[in-house]
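Note sheet for the following structure.
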Amino acid sequence: MYLSPRHAEIVQMAKDQGRVLVDDLATHFNVTPQTIRKDLNDLCDQRLLSRIHGGALFPSGIENMEYEARRKIAADEKEAIGRAAARLIPDNASLFINIGTTTESVSKALLDHSGLMVITNNINVANRMRIYPSIEVVIAGGVVRGSDGGVVGEAAVDFIRQFKVDYAVIGASAIDHDGALLDFDFREVKVAQAIIANARHVILVSDQTKFERTAPVRIGHLSQVNTFITDRCDIPSVRKICQESEVQLIETSLA
């Protein structure tokens, strides 16, 4: 497949960063936003990118993108979400922290807390928090997924079921407009379901790009969580679910 030099560079930037934005690309290439929108539409027609509001994601389809690329998507928004979640969790609480780049942002924001007991199936979270003497870290056993350091499988599920904690911090790879919470790996989903079932207060953390994605495996439904923290929610059906199910919706961009 032939790509013009600009198209090839856009695809590479999307691969490196996880997503590209129209305004940033227009500035980078010194062209109009209309030109970039046409470029992105052409690349999406070729299934090289997936269109989102204001830009495009890499890759298209249902394949999950590389973990380091996902870290870079909406990084500032994830940090704000992490801080908002940390404000809900008091000192001396017990909590689950699940796999995900946004849940990792929550773990960073919790480092100034004391007396926490953190149970996690995320090696990255455990490695970050273990050096703080005021935080007790308990890590699940099971199969370690090389792509992101997540511990998955039946052993991890059985481990999680031993606990009943105050809070759970979970993420999702995609959020459908009907409120379905979705992911890519059925083994990870089983762990997430066990986490939801064994926490008194479930906090879902997810930036707005997750509304633009899809994934094949169902974790559960938005109505099962107590608090949903995102940077912005412009999906009327999702807002309605939060209202009807008494889910506290926190939008950090409006704070």
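The values are calculated or read from the model by the stated rules, or taken from the named source; none is laboratory data. Remember, predicted model here, so these are calculated numbers, not experimental data. So basically every Cβ, Gly included, is an ideal-geometry build from the backbone, and we count neighbours across all protein chains shown. Ligands, DNA and RNA are excluded from the accessible area calculation, which covers all protein heavy atoms including side chains. Shrake-Rupley method; radii C 1.70, N 1.55, O 1.52, S 1.80 Å.
Scanning for something surrounded by 18 or more Cβ atoms within 10 Å (Cβ to Cβ) and of a type in the set (Asp, Glu), does region 184-200 turn up at least one residue? Within region 184-200, one or more residues are surrounded by 18 or more Cβ atoms within 10 Å (Cβ to Cβ) and of a type in the set (Asp, Glu).
Within region 141-148, can one find any residue that is part of a loop (DSSP other than H, G, I, E, B), on the phi < 0 side of the Ramachandran plot, buried (at least 18 other Cβ atoms within 10 Å of the Cβ) and not aliphatic (A, V, I, L, M)? Taking every residue of region 141-148 in turn, at least one turns out to be part of a loop (DSSP other than H, G, I, E, B), on the phi < 0 side of the Ramachandran plot, buried (at least 18 other Cβ atoms within 10 Å of the Cβ) and not aliphatic (A, V, I, L, M). Taking the numbered list (1) part of a helix (DSSP H, G or I); (2) under 23 Å from Ser94 (Cβ atoms) in turn, Cys242 passes all entries but (2). Residues in region 1-15 that are loosely packed, with under 15 Cβ neighbours inside 10 Å and either within 13 Å of Leu57 (Cβ to Cβ) or aromatic (Phe, Trp, Tyr) (or both): 1 in all. Just one of (1) touching a helix residue (DSSP H, G or I) at 6+ places or on another chain (Cβ under 7 Å); (2) open to solvent by 10 Å² or more (accessible area, probe 1.4 Å) fails for Ala156. It is (2). Of Leu57, Leu40, Leu21, Leu49, all but one fail to be touching a helix residue (DSSP H, G or I) at 6+ places or on another chain (Cβ under 6 Å) and modelled with pLDDT of 80 or more; the exception is Leu49.
Name the residues in region 219-255 that are open to solvent by 30 Å² or more (accessible area, probe 1.4 Å) and within 15 Å of the chain's Cα centre (by Cα), would you?
Listed by number, the list holds a single entry, Arg232.
Quickly run through region 83-111 and pick out the residues that are open to solvent by 50 Å² or more (accessible area, probe 1.4 Å) and either modelled with pLDDT under 95 or not acidic (Asp, Glu) (or both). Of everything in region 83-111, those that are open to solvent by 50 Å² or more (accessible area, probe 1.4 Å) and either modelled with pLDDT under 95 or not acidic (Asp, Glu) (or both) turn out to be Arg83, Arg87, Leu88, Pro90, Asn92, Lys108.
Among the candidates Ala172, Ala80, Ala168, single out the residue that is in contact (Cβ under 8 Å) with a residue 40 or more places away in the chain, under 16 Å from the mean Cα position of the chain (by Cα), in a loop (DSSP other than H, G, I, E, B) and closer than 28 Å to Ile235 by Cα. Explain how you work it out, then say what you get.
Working: Ala80 fails: in a loop (DSSP other than H, G, I, E, B); Ala168 fails: in a loop (DSSP other than H, G, I, E, B).
None of the others qualify; the one that does is Ala172.
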